[in-house]
Amino acid sequence: MSLAHQYRRLLLAYPRAYRRERGPEILGLLLDSAPPGKTRPTLREAADLVRGGLRCRLGRPASRTVGVWAALTALICGLFTAALAARLAWETSRPQPDRAEFTAVFTEAFPGHRLSDDVSTAPAIFVYYNQPLRLSQWRGLVLGDGGEYQEGSASGSASGPMPTPPDRTLATAVHRLEADGWQVSEPTSTVLRTCDDARCERAGEPVETVLVARRGDTVLRATVNDPDTYDSYLWVEVQRATPPAVLPAAALAGLVGGALAWLAFGWVSRRTDGRRGVPLLLGITLVLWWTPAVLTASSLVGHHLDEPHPSWHPLWEWLGQPALSLFFLVGLAGAATLSAIALVPRREPHPLTLSPG
């Protein structure tokens, strides 16, 4: 491959109109300044050409912050695209555990404890109020109830008197689970300060202990409470872990989505340069997209640090979706408006003509 051809490939980083107008001049300058015998561009030359081309795609040469706005847009769009790909990749998961699988796990971990009859199972991988998501439920999802869309599980509680003290119950569960191939995390205890019942005054502040374990694609989460404080002293959930396909699918989709968002931002930026209201509309759109992500992610970080998570919360929950999906939809309307403005042709000033006479 000739040196000129390699330079032409690097010049593809610039917009087509710019290459058509200035490309031959830049290529000639690069070839004229190349020493004899040079066969390929240096890494510095390649980096400078790509960086200059990407900056040129953004337009607005007088702006010092357009690169920051483009980076924020590309990053959040890449995250949204990755979240969508992650949700699709979750379909490779096995169905959530049924009653028989849940009962077997419960009996294995907590022998001697009586399982109540109200065992619930999930009809889908992700559920909305323990029902498969339907289009008719969009109003609840958008208007503040989107947090109820979450991963399904099989769950149940122990009934009757507690046969062994909480510490012994946990020790037995850890020993039996580890012996059967489960990876058991260290139990975490939390002092609860929300009990106003008279039993709490007699027993003191209640303590809640969470035990988390994983085996293959199955995660167990058991919550043990003081039997002198609560009627249900043991609550167990069993659900599927994140499928292996989720991470690579999300990473690839995020990179592609971010790159396309950068190119789209550059196209809109060049087409709307000088038009009033565009920077304000862009700022509002990014605030609507970034605010839920920042608030939710900061909250989930603390949640993950407080207790073990063999399977992390899905990516869309870190972005505040669908709990705060109204912000996303209004921001999407703002992005569509920006694209519509960019599609409107510019009105070129009519040239001044002089007629004789």
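Just to make sure I understand: if all protein chains stay in place, what is the order of Ser153, Ser189 by accessible area at 1.4 Å, largest first? Each step should come with its number before you reach the end.
Numbers: Ser153 15, Ser189 80 Å².
Order by accessible area, largest first: Ser189, Ser153.
From the P(r) of the range 102-189, can you give the percent of Cα pairs sitting at distances over 18 Å? If you can, show how the numbers build up before the last one.
Working: 2272 of 3828 pairs.
Beyond 18 Å sits 59 percent of the P(r) for the range 102-189.
Using all alpha carbons of the range 236-357, what is the percent of pairwise distances in each 5 Å bin, ordered from the shortest bin to the longest?
Pairs per bin, as whole percents: 2, 9, 12, 15, 16, 12, 9, 7, 5, 4, 2, 2, 1, 1, 1, 1, 0, 0, 0, 0.
Tally Lys/Arg at +1 and Asp/Glu at -1 over every other residue whose Cβ is under 15 Å from the Cβ of Trp90; what's the total? Can you show the working numbers first?
On the way: positive: Arg87, Arg94, Arg240; negative: Glu91, Glu151, Asp217, Glu317.
In short, -1.
If we restrict to alpha carbons, what Rg and Dmax does the chain come to, in Å?
When restricted to the Cα atoms of the chain, Rg and Dmax are 29.3, 112 Å.
Of Gly160, Val287, Leu54, which is farthest along the charge dipole of the chain in the positive direction, counting Lys and Arg as +1 and Asp and Glu as -1 at C-beta?
Farthest towards the positive end: Leu54.
Counting only protein heavy atoms, what percent of the accessible surface of the chain is carbon or sulfur at a 1.4 Å probe? Write out the running numbers ahead of the final one.
Working: 12730 of 20840 Å².
C and S fraction of accessible area: 61 percent.
Provide the net charge surrounding Gly156, with neighbours chosen by a C-beta distance below 11 Å and charges set as Lys +1, Arg +1, Asp -1, Glu -1.
Numbers: positive: Arg99, Arg114; negative: Asp117, Asp118, Glu237.
Combined, the nearby Lys, Arg, Asp and Glu give -1.
Rounded to the nearest 0.05, what FRET efficiency is calculated for Val301 and Asp145 with R0 set to 25 Å and r the Cβ-Cβ distance?
Efficiency, rounded to the nearest 0.05: 0.55.
Probe of 1.4 angstrom, ligands and nucleic acids ignored: what's the accessible area per residue over the chain, in square angstrom? List each step's numbers first, then the result.
On the way: 20840 Å² over 357 residues.
About 58 Å² of surface per residue is accessible.
Determine, from the Cβ-Cβ distance of Glu186 and Leu31 and an R0 of 56 Å, the FRET efficiency 1/(1 + (r/R0)^6), rounded to the nearest 0.05. Let's see the in-between values first.
Working: r = 65 Å, r/R0 = 1.16.
Efficiency computed from Cβ-Cβ geometry: 0.30.
How much length is gained on full extension from Arg51 to Leu3, taking 0.36 nm per residue of separation minus their Cα-Cα distance?
Fully extending the segment from Arg51 to Leu3 adds 15.3 nm.
Can you check what the net charge comes to around Val105, using other residues whose Cβ is under 12 Å from the Cβ of Val105 (Lys, Arg +1; Asp, Glu -1)? Working shown, then result.
Details: positive: Arg99, Arg176, Arg214, Arg215, Arg221; negative: Asp98, Glu101, Glu108, Asp180, Glu237.
That sum, taken over residues with Cβ under 12 Å, equals 0.
Taking the Cα centre of the range 11-131 as origin, sum charge times position over the Cβ atoms of Lys and Arg (+1) and Asp and Glu (-1), and report the length of that vector in debye to the nearest 20.
Working: 16 positive and 11 negative charges, 214 e Å.
Charge dipole, the range 11-131, about its Cα centre: 1020 debye, nearest 20.
With +1 on the Cβ of every Lys and Arg and -1 on the Cβ of every Asp and Glu, and nothing else charged, how large is the dipole of the range 269-352 about its Cα centre, in debye rounded to the nearest 20? Kindly include the intermediate steps, with their values, before the conclusion.
On the way: 6 positive and 5 negative charges, 154 e Å.
Here the size comes out at about 740 debye.
Assign unit charges at the C-beta atoms only (+1 for Lys and Arg, -1 for Asp and Glu), then state the dipole size of the chain relative to its Cα centre in Debye, rounded to the nearest 20.
On the way: 35 positive and 33 negative charges, 659 e Å.
About 3160 debye.
Residue by residue through the range 162-168, which ³J(HN,Hα) values in whole Hz follow from phi under the Karplus form 6.51 cos²θ - 1.76 cosθ + 1.60 (θ = phi - 60°), with glycine and proline marked x?
Taking θ as phi minus 60°, the curve returns 6, x, 9, x, x, 5, 6 Hz for the range 162-168.
Starting from the Cα of Ala62, move 7 Å in the Cα-to-Cβ direction to define the label point; list residues of the range 248-291 whose amide nitrogen is under 20 Å from there.
Backbone N within reach: 266-283.
The values are calculated or read from the model by the stated rules, or taken from the named source; none is laboratory data. Just so you know, these numbers come straight off a predicted model, no measurement behind them. Methodologically, a virtual Cβ is constructed for each residue, glycine included, from the backbone with ideal geometry; neighbour enumeration extends over all protein chains shown. Accessible surface areas use protein heavy atoms only, side chains included; no ligands, DNA or RNA. Shrake-Rupley method; radii C 1.70, N 1.55, O 1.52, S 1.80 Å.
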